[in-house]
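Written below as C-alpha cells is the structure these notes are about.
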There are 2 protein chains.
Amino acid sequence: MAVYSATTTAPVNIACIKYWGKRDTKLILPTNSSLSVTLDQDHLRSTTTSRADAAYVKDRLWLNGVEEEIKPGGRTATCIAELKRLRKELVEDVDSAAPTLSSFSVHIASYNNFPTAAGLASSASGFAALTASLAALYSLPCPPTTLSLIARQGSGSACRSLLGGFVAWNAGTLDSGLDSLAVQVAPETHWPEIHALICVVSDTKKGTSSTSGMQRTVETSPLLQHRIEHVVPQRMIDISTAIRNRNFDRFAEITMADSNQFHAVALDTSPPIFYMNDVSRAIIAVIEEYNRVALLPENGGKRKAAYTYDAGPNAVIYAPAANMKEIISMIIHFFPQQEVFKDSFGLFGTDGVGVGGPGFVSGFNANVAKTWELGAIKGLIHTRVGGGPRKLGQEESLLGDNGLPKILA
Amino acid sequence: MAVYSATTTAPVNIACIKYWGKRDTKLILPTNSSLSVTLDQDHLRSTTTSRADAAYVKDRLWLNGVEEEIKPGGRTATCIAELKRLRKELVEDVDSAAPTLSSFSVHIASYNNFPTAAGLASSASGFAALTASLAALYSLPCPPTTLSLIARQGSGSACRSLLGGFVAWNAGTLDSGLDSLAVQVAPETHWPEIHALICVVSDTKKGTSSTSGMQRTVETSPLLQHRIEHVVPQRMIDISTAIRNRNFDRFAEITMADSNQFHAVALDTSPPIFYMNDVSRAIIAVIEEYNRVALLPENGGKRKAAYTYDAGPNAVIYAPAANMKEIISMIIHFFPQQEVFKDSFGLFGTDGVGVGGPGFVSGFNANVAKTWELGAIKGLIHTRVGGGPRKLGQEESLLGDNGLPKILA
C-alpha cells in the first residue's frame, strides 16, 4: 500500500522592518509591511513530517513529541483546511487519477532543533514547515509566495519563512488578504556575507505575548498610526534598495532604527510593554559604540553591525561575515560565557573562546557597558542568511508506519 | 551703609506632560507645551541669596559652596543680565531715588537641600531660586509669569518652578519667546491631596544629558513631530480639565501615558536614549497592577496612582494622600530599604517601616515583580504639591558681609 508522507524543514526569520499590529486578527493581516532575513537551516530549523492515511480517524499534531490539540477553527486547523482545499481544487479536481488525500486525515509531527528556552519564536519556522510539508505531501503546484498566504494564517511572520534570503511581507490592502503575502527581495546568494549572531538573554520576567501585545498597541498607542502611514512605507523602499545594492551601512541604519521604533510604540502602549531589559540595553550600547568608531572617517565611515530585537530581550546582531570575529570578541568581553564558545564557522579555532574574551577594536570606549555576571547572555548562536524550506527524503520522516512520532518527548 | 541682599527658596517641579525638544536652543523655546506639579519646599528646595555691592568687581556664583564660573553669554549670565535690565527699565528709570543696583556686580550663593546624587534635576529649582532672589533684590514689580520668561532661559523647566500648584508652560509661537511662559492652571490649595513619592533608583550607567538628548530626538526621531503636533495639544487640554475637576483617574491616565510616550520618543532616537532601567520597569509593573485592581468595578473603577519618569531612572509616583500608605507599603515590599523609612507625614508612626514592608491591597498579584536586592531603590521621599518661591528674612542669608558664602564646601 502506498505511503503518503512528506518531510520538510523550514527556517527561522528575523525581521529588520518589524511587524506589529493586525488589521484583521482572524486572517492575520498586518497594519504594515515588514521585511526579514531568513536564517540558515544548517543552524536553526523546524522539521515537519505530514502523513495522510485513509485509516486515520482525525487530524493530529505532535510538537517536539508532545501531542497538541488541534482546536476547531484555530490557526492550525485553518492552515490544514486551506491546504486540503488546494489539494482538492488544484490536484484532485484536475486529475481524476490522483489519490483523494484531501479526504484523509493527517498526522503531523514537528521538531525544532533549538530549545524553546532559547526564546526564539518557533511559530514562524513551525508554521512554515507545516505548510511546506503538507504542500509537498499534496504535490501542490504552488510557488512559495502562494503558500505564504496559508502560513500567514498560522502565524503572521511564518509567511516570510517560506522564502530564503531577504523577504518582504507586503501588508496588502484587500479584505480577503490575497495580496498580503511574502515575496523575495533578494535570494541568499545575492548577499551571502550577511551573518547573524543571536545573543540569548536571560529574563526573569514573562513578557507580554506578541499576539495580545500588538493589538493593545493598535488600540492605545497614539504613535503607531504615524509609524504605519508615514514611516514604514519609506523604510521598506529604502531597505530593499540597500539590500539590492549590498549597502550594509544603510541596511544597518534602517534595521536599528526600526527595531527601536517597534519598541518605542510598545512603550507608547497603555499599559506599556517592555521587551528589552538592562542586558538588551547594554548590547545596544556596545554595538552603538562599535559603530561610532567605525563611522569615524579614518575607519571608513560605515556601520559594521546592526542589532535588532523582537518581542523579547534577545539580540540578533547582523553583520558582514568579516566583522563577526570582532563582534563576538566584544560581546564575550562584556558578557562572559559559562561554556567556552565554539564558533560554528571556526572563527576561534577548535579551542573556542570563553570568559574575558579577546577584546576590542582600536578606539573603542570600553566604559559604555560594564562586565556582566556569567549567564547574563546565556548563549550565542552564530548563523547567516540562508535559503527557504527544504524537502527531505522519506528516511528522515518523523512519523513511523504506525502514524505516531518516532521520538516522543 | 545699606546692604542690598535677598534670599529666596524655590521648589522642584515634576512634569506630567513632558518637555522634550527645543525649537530655539538659545532662548530655550520648546517644541511643545508641558505641565507639571510643583512640589512642597518643606521637603525639596533650592535656596539662593543674591547680594549687590558697588565694591564687587564681577558677578560671582557659588553652588553648594563651590564657586562656578559664570560663562559670558552662558545661561546664568543671560539670566543675570535680563534681571539687571529689568531693574534698570522698571525701577531705576522710573524712580531716580532708587539705588542703581543694575550697575553693581552681584554675588550669588545657592544651596540645594537634596543631594545631587539623588538624581533629581536641580536646575529647575536652582534657576527659579536664582531668578526669584534677584527679582527680590531688585524689587522688580513683576508677577511670576513674567519672571518665568527669564528662568526659562536658564533651564527650560525652571520656568515652571516660579509658580506653585499645577503649572503649564505654554510653548508659544513667537520667535522672541515672549509667549513661552509659565501659567498657573490651579494653585496648590485647589487640590492639596495630591502627594508624591519619589523613588530614588540606583543606576550604574551615566545617562545622556537631557540638553543633548532632546536635540538628538528632534533631529532623528520620526515619531516626535507627530507627538508635538497631534498628541500633546489635546493632552494639555485634557489634563488641565482633569486638574480643575480634581479627577485623579484621568490625571493619572494622562500622566502615565505621557511619561511613556516621552521615553518612547527617546527610544525612537538614533542612537536610542534609555533613561529607565529594570528597576524603573519593575516600579511601573507594580503601579500598573495596583491600578488594575483599583479599576475593577468592585473596587471603584478608578486609578489610584500615577508614575512618571524624567531623564533618569527615578520614579515619581503621584497619588491622593489617602492612597500613599498602601503605595509605600507596596514599594517597600518589592524594594526593601537599607534604612527604616520614616515617613515625613508620619504614616508609619515613629518606628517607620523597613525590609519586607507591610504588604498589598487585596487582589494584588505579587508576581508582577520580584523582590529586589537592598539598594535597588536607594531612598524614598514623600512630599506633596506645594507653593511657589518664598522670600526669606535677611537672617537666612547664605552670603556673609564679606560677600562670600557662609558655608563653603
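The values are calculated or read from the model by the stated rules, or taken from the named source; none is laboratory data. Nothing here was measured: the structure is a model prediction, and the numbers come from that model. Note: ideal-geometry Cβ built from the backbone for every residue, glycine included; neighbour counts use all protein chains shown. Surface accessibility is based on the protein's heavy atoms, side chains included, excluding ligands, DNA and RNA. Shrake-Rupley method; radii C 1.70, N 1.55, O 1.52, S 1.80 Å.
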Can you tell me which of (1) under 23 Å from the mean Cα position of the chain (by Cα); (2) surrounded by 20 or more Cβ atoms within 10 Å (Cβ to Cβ); (3) within 14 Å of another protein chain (Cβ to nearest Cβ); (4) not in a loop (DSSP other than H, G, I, E, B) is the one B:PRO313 doesn't meet? (4)
For the subset of region B:245-264 comprising residues that are more than 19 Å from the chain's Cα centre (by Cα) and more than 7 Å from chain A (Cβ to nearest Cβ), which member is least open to solvent (accessible area, probe 1.4 Å)? B:PHE248
Kindly list the number of the only condition in (1) surrounded by fewer than 21 Cβ atoms within 10 Å (Cβ to Cβ); (2) among the charged types (D, E, K, R); (3) touching a residue at least 40 places away in the same chain (Cβ under 8 Å); (4) more than 12 Å from chain A (Cβ to nearest Cβ) that fails for B:GLU298. (3)
Among the residues of region B:394-404 satisfying the criterion of being touching a Ser or Thr at 6+ places or on another chain (Cβ under 8 Å) and open to solvent by 40 Å² or more (accessible area, probe 1.4 Å), which is nearest to the other protein chains (Cβ to nearest Cβ)? B:GLU396
Among all residue pairs at least 6 apart or on different chains, which show Cβ distances below 8 Å where the first residue, located in region B:244-258, is β-branched (Val, Ile, Thr) and the second is in a helix (DSSP H, G or I)? B:ILE254/B:ARG235; B:ILE254/B:ASP238; B:ILE254/B:ILE239; B:ILE254/B:ALA242; B:THR255/B:ILE239
Mind telling me which of the residues B:LYS26, B:LYS22 ends up being surrounded by fewer than 19 Cβ atoms within 10 Å (Cβ to Cβ), of a type in the set (Lys, Arg), at negative phi and free of Cβ contacts under 8 Å to residues at least 40 places away in the same chain? B:LYS26
Only residues in region A:204-223 that are farther than 24 Å from A:VAL279 by Cα and away from chain B (no Cβ under 13 Å) count as the first member; pair them with residues that are at pLDDT 90 or above and open to solvent by 50 Å² or more (accessible area, probe 1.4 Å), Cβ under 7 angstrom, at least 6 apart or cross-chain, and list the lot. A:GLN215/A:THR25
Any chance region A:75-98 includes a residue that's surrounded by fewer than 17 Cβ atoms within 10 Å (Cβ to Cβ), closer than 20 Å to A:MET236 by Cα and either among the basic types (Lys, Arg) or touching a strand residue (DSSP E or B) at 6+ places or on another chain (Cβ under 8 Å) (or both)? no
Members of region B:313-356 that are modelled with pLDDT of 95 or more and of a type in the set (D, E, K, R): B:LYS325, B:GLU326
By residue number, the members of region B:224-244 that are open to solvent by 40 Å² or more (accessible area, probe 1.4 Å), of a type in the set (Val, Ile, Thr) and within 12 Å of chain A (Cβ to nearest Cβ) are none
Please go through region A:44-68 and pick out each residue that is outside any strand (DSSP E or B) and touching a His at 6+ places or on another chain (Cβ under 8 Å). A:TYR56, A:ASP59
Looking at region A:267-281, which of the residues that are assigned to a helix (DSSP H, G or I) and more than 8 Å from chain B (Cβ to nearest Cβ) is nearest to A:VAL218 (Cα to Cα)? A:SER280
Would you list the helices (runs of 4 or more DSSP H) that sit entirely within region A:142-251 and hold 3 or more residues that are closer than 30 Å to A:LYS325 by Cα? A:232-244
Going by the structure shown, is B:ALA321 away from chain A (no Cβ under 14 Å) and surrounded by fewer than 18 Cβ atoms within 10 Å (Cβ to Cβ)? yes
For the subset of region B:112-126 comprising residues that are small (Gly, Ala, Ser) and closer than 18 Å to B:SER161 by Cβ, which member is surrounded by the most Cβ atoms within 10 Å (Cβ to Cβ)? B:SER125
Residue that is surrounded by fewer than 16 Cβ atoms within 10 Å (Cβ to Cβ) and assigned to a strand (DSSP E or B), where the choices are B:LYS370, B:LYS391: B:LYS391
Working only within region A:167-203, note down all residues that are more than 19 Å from A:ALA266 (Cβ to Cβ) and within 14 Å of chain B (Cβ to nearest Cβ). A:SER202
Out of (1) modelled with pLDDT of 95 or more; (2) on the phi > 0 side of the Ramachandran plot, the odd one out for B:LYS88 is which? (2)
Any idea how many residues of region A:341-367 are without any contact (Cβ under 8 Å) to a residue 40 or more places away in the chain, open to solvent by less than 60 Å² (accessible area, probe 1.4 Å) and more than 14 Å from every other protein chain (Cβ to nearest Cβ)? 12
Is it the case that A:ALA109 is in contact with a Pro (Cβ under 9 Å, 6 or more places away or on another chain), within 30 Å of A:SER202 (Cα to Cα), open to solvent by less than 10 Å² (accessible area, probe 1.4 Å) and in a helix (DSSP H, G or I)? no
Given the structure, is A:ILE287 more than 10 Å from chain B (Cβ to nearest Cβ), assigned to a helix (DSSP H, G or I) and modelled with pLDDT of 95 or more? no
